[in-house]
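A short worksheet on the structure shown next.
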């Protein structure tokens with residue numbers, strides 16, 4: 001088990017620089033399980049994205065992986081069947097992760113019942129949701145904003161719910177706020193995912209995918225299928241502005257979520273604050289450079305990452321100063337009230353959730 005833990009720490013560095021930075025600040029009772037949860041999600045994501053698999057194979061391996069996490073199928077069989085089928089250009093770290101999936105799963109099955117239940121639910125909903133949306137992947141985009149909201153739930157909002165369950169399992173004081181945290185957790189996840197979608201617009205298009213809402217852009221005279229990077233298109237820039245405003249609203253919810261975490265739980269607060277800060281700075285770059293042509297152009301610098309870490313650490317116990325810092329960082333970003341329509345009334349206004 002010690003060797004499995006060492007592998008988990010090492011592979012996390014290979015598959016995600018951001019989470020390799022943020023997860024270690026969590027308290028000891030959460031660090032291992034959140035790191036494991038990220039790797040489970042990364043395995044599910046690899047299955048859905050790998051070019052070496054047909055759509056039928058992707059769906060089959062997604063279903064099998066759910067059974068692996070739930071403990072009803074062998075991780076060794078899953079890994080042994082999947083690993084040889086991965087595309088030649090699959091990232092080395094992802095290939096390594098699939099090969100060593102049994103190590104990750106052994107750690108998963110060592111957690112307590114509440115933790116295992118939260119992880120299994122997340123993987124089940126994510127795997128099914130991603131598989132459904134993969135069949136709709138095209139350059140035409142998603143039908144509308146609610147469809148984008150639902151897609152973000154499957155790939156990120158459900159992760160927010162899972163993390164909240166893990167936080168509640170860790171702390172009775174956090175659990176007392178569970179009903180307030182859950183809808184904010186979904187919004188938190190959506191804010192981060194929308195930021196990633198906007199940053200990766202042109203990379204996704206090169207892979208034949210577009211996750212933008214078709215109707216919003218069509219209303220501005222823009223056909224998503226005909227989009228060209230680097231083109232001066234006022235309608236596209238206007239649509240982009242609206243989505244930036246919605247993402248900003250979700251990140252406001254993310255801060256409200258964070259401030260519900262007790263002040264003494266500085267590790268959890270820092271984990272959340274760093275993610276929020278980096279997302280806001282990314283939105284600022286996208287907003288200033290709406291004519292960007294690659295995600296690299298709007299990726300925040302290493303200095304910006306460390307500035308976010310420093311500010312988060314300095315203000316982690318001061319709610320008023322955190323709100324002020326967020327307002328200053330968000331200054332100049334568009335505001336879009338569609339976010340309020342999606343979240344008003346809490347979970348009742350959000351897409352149907354899996355059990």
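Some notes on this structure:
- Segment 1-135, relative contact order [Cα under 8 Å, separation at least 6], %: 34
- Answer label, with Cα Rg over 2.2 N^0.38 Å calculated from the coordinates and candidates [x] 1.01; [y] 1.31; [z] 0.96: [z]
- Residue 17-residue 134 FRET efficiency (beta carbon distance; Förster radius 30 Å; 0.05 resolution): 0.70
- Distance (nanometres) between label positions extended 7 Å along Cα→Cβ at residue 228 and residue 49: 2.9
- FRET efficiency estimate (nearest 0.05) - Cβ-Cβ, residue 335 to residue 144, R0 22 angstrom: 0.60
- Cα centroids of segment 128-201 and segment 66-111: 24 Å apart.
- Pair residue 31, residue 264: separation of 7 Å Cα→Cβ label points (nm): 2.0
- For the chain, the relative contact order is 17 percent, taking Cα pairs closer than 8 Å that sit 6 or more residues apart in sequence and dividing their mean separation by the residue count.
- Gap separating the Cα centres of segment 22-40 and segment 237-313, nearest whole Å: 21
- Subtracting the Cα-Cα distance of residue 307 and residue 220 from their residue separation scaled by 0.36 nm leaves 27.6 nm.
- The label-point distance for residue 3 and residue 73, in a model that sets each label 7 Å from Cα toward Cβ, rounds to 2.6 nm.
- Using the Cβ-Cβ distance between residue 321 and residue 85 with R0 set to 41 Å, the FRET efficiency from 1/(1 + (r/R0)^6) comes to roughly 0.20.
Bear in mind these aren't lab numbers, they're just calculated from the coordinates by the rules spelled out. None of the values given here were measured: they were computed from a predicted structure. Note that each Cβ is placed from the backbone with ideal geometry, even for glycine, and that neighbours are counted across all protein chains shown.
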